[in-house]
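Have a look at the structure below before the remarks.
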Amino acid sequence: TEEASRPCNLMMELVLYELTQVTKKETMEKLSIYHEEEGDMEKIYEYIRATCYKNPQVFEIAKHFGYNTQYFIRMFRKAAGVTPKQYMINRQMERAKYLLTTTSLKIKEIAEQVGMSDSKSFFKNFKKQEESPPTSIAGYFRKHITTAINTGTDQQSEQTKLVCSLFL
C-alpha cells in the first residue's frame, strides 16, 4: 500500500520538478528578452531623435533593430505610450517650436528642417499638437522680443538685444 504508492509518488515528484525547471527557464528567458528590449528602447529613442528629420519609415527602423514591423509597433507603443510615427512627429514638433522661437526662418523652411517637405501637413500636425498654428507662436515670440527691445532702458535694450542675437 504505502510501499506500492512510493514509486508513483517519486515519479510525480520528478514530473513536478521537471515542470518547475521548464517554467523557471521560460520565465528567465522572457525576463531576458524584456531586458534586451528595454535596452533596445533607449537605442531606438536615440536613433529616432537623430533621424526623425530625415523622416524614416517605421518598417525601416524596425528592420534596423531586427524586429518585425508589427511587433516593433506594439513593443514601442507599450514602452513609449505612443506609436513610433507619433513619437517622430512629437520630436519634429519640439524642434519646430524651438526654431519658431529662436530663429526668423519662414514656416516652410522650418517644415523642411524638421523633415516635413509638405507645409500643409506640418501646419496640421503642429496645430493638432500645440493647439495653435505655428504662425501665431512665431508671431507672438517675435512681437514680444521686439517690444522688449523697444521699451526697455538703453541698458536693458542692449542686454535684450545681446540675448536675442544669440537666438535669432
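Each reported figure results from applying straightforward, stated rules to the coordinates on display, with no laboratory input. The shown structure was predicted, so the numbers you read here are calculated from the model rather than taken from an experiment. Positions of Cβ are generated from backbone atoms using ideal geometry, with glycine treated the same way; all protein chains shown enter the neighbour counts.
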Give, in nm to one decimal, the length gained when the segment between GLN70 and LEU105 is fully stretched (0.36 nm per residue of separation minus the Cα-Cα distance).
8.8 nm
In whole Hz, with x marking every Gly and Pro, tabulate ³J(HN,Hα) for segment 109-124 from phi via Karplus 6.51 cos²θ - 1.76 cosθ + 1.60, θ = phi - 60°.
5, 5, 4, 5, 5, 8, x, 10, 6, 8, 4, 5, 5, 4, 4, 4
Residue-ordered couplings for segment 71-85, obtained by feeding phi - 60° into the Karplus form 6.51 cos²θ - 1.76 cosθ + 1.60 and rounding to whole Hz (Gly and Pro as x), are 4, 4, 4, 4, 4, 5, 4, 5, 7, 9, x, 9, 6, x, 4
So for each of 125-131, 103-109 I average, over its residues, the number of other beta carbons within 10 Å; can you give me the resulting order with the highest mean first?
125-131, 103-109
Gain upon complete extension [SER117, ARG49; 0.36 nm per residue less C-alpha separation]
22.7 nm
Diffing segment 51-58: the Karplus 3J(HN,Hα) column from phi (6.51, -1.76, 1.60, θ = phi - 60°), in whole Hz with x for Gly and Pro, holds 10, 4, 6, 9, 6, x, 7, 4
For an R0 of 25 angstrom, estimate the FRET efficiency from the Cβ-Cβ distance between LYS124 and GLN57 and round to the nearest 0.05.
0.80
Can you give the FRET efficiency for GLN86 and MET41, using 1/(1 + (r/R0)^6), R0 = 22 Å, r = Cβ-Cβ distance, to the nearest 0.05?
0.90
Cα-Cα pairs above 17 Å in segment 78-137: how many percent?
32
Two-site FRET efficiency, ALA79 against GLU18, from Cβ-Cβ distance with R₀ of 41 Å, rounded to 0.05
0.75
